[in-house]
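Chemist: Below you will find the structure I want to go over with you.
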Ligand code: NAD
């Protein structure tokens, strides 16, 4: 397939490289990042999109996505599909889908989970919003870049699934970390705490698969000095998107709001920037109730 790929950073670079390895012809454009091996470099986003059957974007936020979409949509051939894999606000995803549809193009919002490791290994999960025909066109590419693609519904449904999942994850990680800090103060051994909770009703992905306590449970960023992994900054971005969506939809999300406020404080006022999101545990360790 002829593919345009715009945004070849930490995630987009390895995703594009996997498409090349699978034999697809990929033309890329990025303002800063180098072209991965085998990706032909274009001089603009529009040039990368010209003649492509599928244009994939992997960009920092919704404002940039809207600007790039304005540039590439007029350059795309009728019937082609614009597939955005960035994590952006639901409104931007829907606005871009509307613009693409008006130009006779298919559009998908297809944010991912799995991080940089999943992008490199081709094991991402795609959460996809958009039409059936566009999903069918891009599905073989999802199968190369990932291990699972769930068609969640119409435009915006992929972003909705992503921010709901990460709102649960942020709140659960905080609950797991504060419980470990409480257990410490109660004199409970962390390994025993893990043994009990990971097999009791407090279990979760945060505890069982990504335990925030070093030396306890499976290998996780806690065992590597809290080097991300999934950075607290990115968790904050996703929690803010979930709060933005909750406000727009008049949904009551008090735990999500508190998780967003705690990660904001951690990243912007404390020492959380650049650390894994599970570094909430050393944060709680240092604190009392005050
Ligand atoms: P990144 O900053 O490494 O990559 C973004 C790239 O977009 C950069 O190389 C930048 O130069 C390029 N870019 C910015 N504006 C551009 C423009 N106008 N035209 C062309 N290129 C432009 O970020 P990333 O970690 O690759 O994340 C990309 C997206 O994936 C984000 O939306 C992020 O939230 C999401 N995401 C990231 C992770 C992760 O673990 N890194 C996990 C899941 C989802």
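Chemist: With the condition kept exactly as written, say whether any residue in region 65-74 is farther than 20 Å from residue 156 by Cβ and surrounded by 14 or more Cβ atoms within 10 Å (Cβ to Cβ).
Modeler: yes
Chemist: Can you name the number of the only condition in (1) out of contact with any helix residue (DSSP H, G or I) (no Cβ under 6 Å at 6 or more places or on another chain); (2) in a helix (DSSP H, G or I); (3) within 16 Å of the ligand (Cβ to nearest atom) that residue 247 fails?
Modeler: Residue 247 satisfies every listed condition except (3).
Chemist: With respect to residue 188, is the statement that it is part of a helix (DSSP H, G or I) and at pLDDT 95 or above true? Can you show your working first?
Modeler: Working: part of a helix (DSSP H, G or I): no; at pLDDT 95 or above: yes.
For residue 188, the condition - part of a helix (DSSP H, G or I) and at pLDDT 95 or above - is not met.
Chemist: Continuing with the same structure: I'd like the full set of residues that are on the phi < 0 side of the Ramachandran plot and more than 10 Å from the ligand (Cβ to nearest atom), limited to region 67-82. Spell out the reasoning first.
Modeler: Going residue by residue through region 67-82, those that are on the phi < 0 side of the Ramachandran plot are 67-78, 80-82.
Of everything in region 67-82, those that are on the phi < 0 side of the Ramachandran plot and more than 10 Å from the ligand (Cβ to nearest atom) turn out to be 69, 70, 73, 74, 75, 76, 77, 78, 80, 81, 82.
Chemist: Can you tell me which residue in region 7-47 is nearest to the ligand (Cβ to nearest atom), limited to those that are farther than 25 Å from residue 70 by Cβ and either assigned to a helix (DSSP H, G or I) or modelled with pLDDT under 95 (or both)?
Modeler: Among those residues, the one meeting the criterion is 14.
Chemist: Within region 254-290, track down each residue that is crowded, with 19+ Cβ neighbours inside 10 Å and outside any helix (DSSP H, G or I).
Modeler: Once the filter is applied, which keeps residues that are crowded, with 19+ Cβ neighbours inside 10 Å and outside any helix (DSSP H, G or I), region 254-290 yields 272, 275, 276.
Chemist: Filter region 84-131 down to residues that are within 11 Å of the ligand (Cβ to nearest atom), without any contact (Cβ under 8 Å) to a residue 40 or more places away in the chain and out of contact with any helix residue (DSSP H, G or I) (no Cβ under 7 Å at 6 or more places or on another chain), then give me how many there are.
Modeler: 4
Chemist: Quick one: in region 177-201, which of the residues that are under 25 Å from residue 165 (Cα atoms) and touching a residue at least 24 places away in the same chain (Cβ under 8 Å) is surrounded by the fewest Cβ atoms within 10 Å (Cβ to Cβ)?
Modeler: 178
Chemist: Sort out which residues of region 142-165 are touching a strand residue (DSSP E or B) at 6+ places or on another chain (Cβ under 8 Å), more than 10 Å from residue 110 (Cβ to Cβ) and either in contact (Cβ under 8 Å) with a residue 40 or more places away in the chain or in a helix (DSSP H, G or I) (or both), and write them in order of number.
Modeler: 143, 155, 156, 157, 160, 161, 165
Chemist: Would it be correct to say that residue 51 is part of a loop (DSSP other than H, G, I, E, B), more than 13 Å from the ligand (Cβ to nearest atom), without any contact (Cβ under 8 Å) to a residue 40 or more places away in the chain and more than 26 Å from residue 147 (Cα to Cα)? Spell out how you get there, then give the answer.
Modeler: Numbers: part of a loop (DSSP other than H, G, I, E, B): yes; more than 13 Å from the ligand (Cβ to nearest atom): yes; without any contact (Cβ under 8 Å) to a residue 40 or more places away in the chain: no; more than 26 Å from residue 147 (Cα to Cα): yes.
Spelling it out, it is not the case that residue 51 is part of a loop (DSSP other than H, G, I, E, B), more than 13 Å from the ligand (Cβ to nearest atom), without any contact (Cβ under 8 Å) to a residue 40 or more places away in the chain and more than 26 Å from residue 147 (Cα to Cα).
The values are calculated or read from the model by the stated rules, or taken from the named source; none is laboratory data. As the structure is a computational prediction, the values presented were derived from the model and not from experiment. Please note: Cβ atoms are built from the backbone with ideal geometry, for glycine as well, and neighbour counts cover all protein chains shown.
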